[in-house]
Amino acid sequence: MAAKANALLTDLLKQTSRSFYLTLRALPGRVRPQISLAYLLARTADTVADTELVPVEQRLDALKRLRERSSGAAITPLNFGALAQQQGAVAEKLLLEKVEESLALLNALTPADQQLVRAVLTTITGGQELDLHRFAGASADNIVALETAADLDDYTWRVAGCVGEFWTKMCRAHLFPQLRMDDAQLVADGIRFGKGLQLVNILRDLPADLRKGRCYLPKDKLEPAGLLPEALLSPATETKFRPLFHEYLDRAESHLTAGWRYTNTLPFGQVRVRLACAWPILIGVKTIEKLRTASVLDLQRRVKVSHEEMRGILLRSVLFYPLPQTWQKLFSARGKAVASGDRLA
């Protein structure tokens, strides 16, 4: 079992997410296996949802079976061999082929840890099912947009905000259970932390999603600005689009400001956890900085933080950690002014 766990939670995990793998590897050993396993199973569900060569109905059925199996509501073994054969990447193929091995690791956790992992996976897979229903008829020629800002907020909760809550409860239970803290505020900031990272992904991946017929920017924000989803990346509409795009960048930055507060609320002695939190926040803020100056044509080339920039972020965070005042300056988000009040309610 130990060899299988290492192969899944180290080798396969590294293949499926090179950047987030660094964050997971930074975590203390008391929580790394549980959080890594939750991520691995969430990526398995994501791979099922994204297998576009398979009809939506089959993907929904596979997600339902995975949700029931991971929640403990079903015991029938899963066989995703047919889905695995449709994968272009070896790592995604392995994720699906080894789903029962991943579930065996879940069943080996303590009852309390199982409950936390199962809860977050139920929320994530439910969000993916909702997404498949919502965009069932979407295509490049038939772009479907979310209806309301509330729909977008709900989506970011289901696929990422819930992870912030899960991460908080797992770390709290295993790393500093006796420490007196404002748990309600910590969980709230953890949720916003996750939502912020997901919103950055949505804004960065806007062109790719539009090519798939998906628009996560909602109609009730697009229509007052005189915008149609299919025209968002046209240079002719850039003047109208940019203010709305920047409002959402502000919203993402506001969430990440809450995430930075979250990071610094954690005990100073929890170096590994605080670094694991700081890295995606600082990379996210750097991505927002790049998106602020990007034209719609730049967006179509996919704005991203370079490997060199990422290495610099990681190095500075480690070097400056013993110097709290200097460490605090690593986060210089323009959105601090809106941290306590979201402009896109």
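The values are calculated or read from the model by the stated rules, or taken from the named source; none is laboratory data. Values in this document were obtained by computation on a predicted structure and should not be read as measured data. Here the Cβ is made from the backbone with ideal geometry for all residues, glycine too, and neighbour counts use every protein chain on show. Note: accessible area is taken over every heavy atom of the protein model, side chains too, but ligands, DNA and RNA are not part of it. Shrake-Rupley method; radii C 1.70, N 1.55, O 1.52, S 1.80 Å.
Measure up K195/K290; K64/K98; K14/K304; K98/K195 against 24 Å on the Cα-Cα distance and list the ones that go over. In this structure, K98/K195 lie more than 24 Å apart at Cα.
Report note on the peptides 283-289, 240-246: ranked by the mean count of other C-beta atoms within 10 Å, highest first, their order is 283-289, 240-246. Amide H to amide H, with H built 1.01 Å from N, R214 comes under 5 Å of V144, counting only residues 5 or more places away or on other chains. Long hydrophobic helices in the chain, taken as whole DSSP H segments with a C-alpha length of 18 Å or more on their own axis and mean Kyte-Doolittle hydropathy at least 0.5: 271-292. Each pair of Cα atoms in the chain enters the Kirkwood radius, and Stokes-Einstein at 37 °C and 0.692 mPa s then converts it into a translational diffusion coefficient of 157 µm²/s. Calculated accessible area for the chain comes out at 46 Å² per residue, all protein chains present (probe 1.4 Å; ligands, DNA, RNA ignored). When +1 charges are put on Lys and Arg Cβ atoms and -1 charges on Asp and Glu Cβ atoms, the dipole computed for the chain relative to its Cα centre reaches about 1220 debye. The relative contact order of the stretch 203-273 comes to 24 percent, based on Cα pairs under 8 Å that sit 6 or more residues apart.
Can you tell me the relative contact order of the stretch 160-297? Whole percent, Cα pairs under 8 Å, sequence separation 6 or more.
In percent, rounded to a whole number, it is 30.
Grouping the Cα pair distances of the stretch 104-229 into 5 Å bins from zero gives a pair-distance distribution of 2, 10, 16, 20, 16, 12, 9, 7, 5, 2, 1, 0 percent in increasing distance order. For the stretch 159-213 and the stretch 31-98, what is the separation of their Cα centres, given in Å? So the two Cα centres are separated by 22 Å.
Residues considered: P267, P224, P177. Largest GNM mean-square fluctuation over the chain, using C-alpha springs under 10 Å, is found at P224. Among V90, V318, V56, the sequence by solvent-accessible area, most first, with a 1.4 Å probe is V90, V318, V56.
Relative contact order, whole percent, for the chain stands at 17, derived from Cα pairs under 8 Å and 6 or more residues apart. Between R32, R192, R134, the residue with the greatest mean-square fluctuation in the GNM of the chain (Cα pairs under 10 Å linked by springs) is R134. Only protein atoms count toward the accessible area here, which uses a 1.4 Å probe; on the chain, the carbon and sulfur part of that area reaches 54 percent.
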